[in-house]
Amino acid sequence: MDPVIPDDDPIDRDRTMPPPPKVPRTSTYSGVKTEATMSSTNSSLRSVVLIEVCSTSPNYISPWKMHSQKSCKGSGFVIEGRRIMTNFHVVQDAIDVRLRKHGVSRRWRGKVLVEAHDVDLALLTVHEEEDGNGDSFWQDVKPAMWCDVLPSLQSPVHVVGFPTGGQTIS
């Protein structure tokens, strides 16, 4: 039940809340690419991987059957230890995983190492049978670097990947 405020209460009913204080921005992104940002972006391109997946999900109503196959694409990035990190929903129920580096037409067979559906993450690697020990995939690939601190709010960041599942990186 809401409290009843008498009409003779000294509270001004027409008063509104003051506007939030304006916080000055510490830096403004000009949109001009400097040599440092272009170098950072080029370095990022070498760690991004297109992941092409063919998957089929189980049919829980008829467990002896599987649903029809579907294909999807997603982005991943190379991390240390010859691993590729991506989202779990990209490789969920995967029966075939193909990996393609930026600027290279060849596709390598991928292998799902770890699936963490609760945090929507997965780790992949190149299937060893595909390329001996997978050395040709890892040539000219630079693992993504982890930051020690999170970027501050409204600071410029570079996002690189295959956001619409196309063949070109953006």
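No value in this document is a laboratory result; all are computed from the given coordinates. Since the structure is predicted, the reported quantities are computational estimates derived from the model, not experimental observations. Cβ coordinates were reconstructed from backbone atoms using ideal geometry, including for glycine residues, and neighbour counts include every protein chain displayed.
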Euclidean distance between Cα centres, segment 151-170 to segment 44-122, Å: 19 Å
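Just subtract the alpha-carbon distance of VAL119 and SER155 from 0.36 nm times their residue separation and send over the number in nm, one decimal.
Working: separation 36, 0.36 × 36 = 12.96 nm, distance 2.53 nm.
So the extension gain works out to 10.4 nm.
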Cleavage-rule hits (chymotrypsin sites (Phe, Trp or Tyr not before Pro)) in segment 42-123: DSSP loop, at most 14 neighbouring Cβ within 10 angstrom: TYR60, TRP64
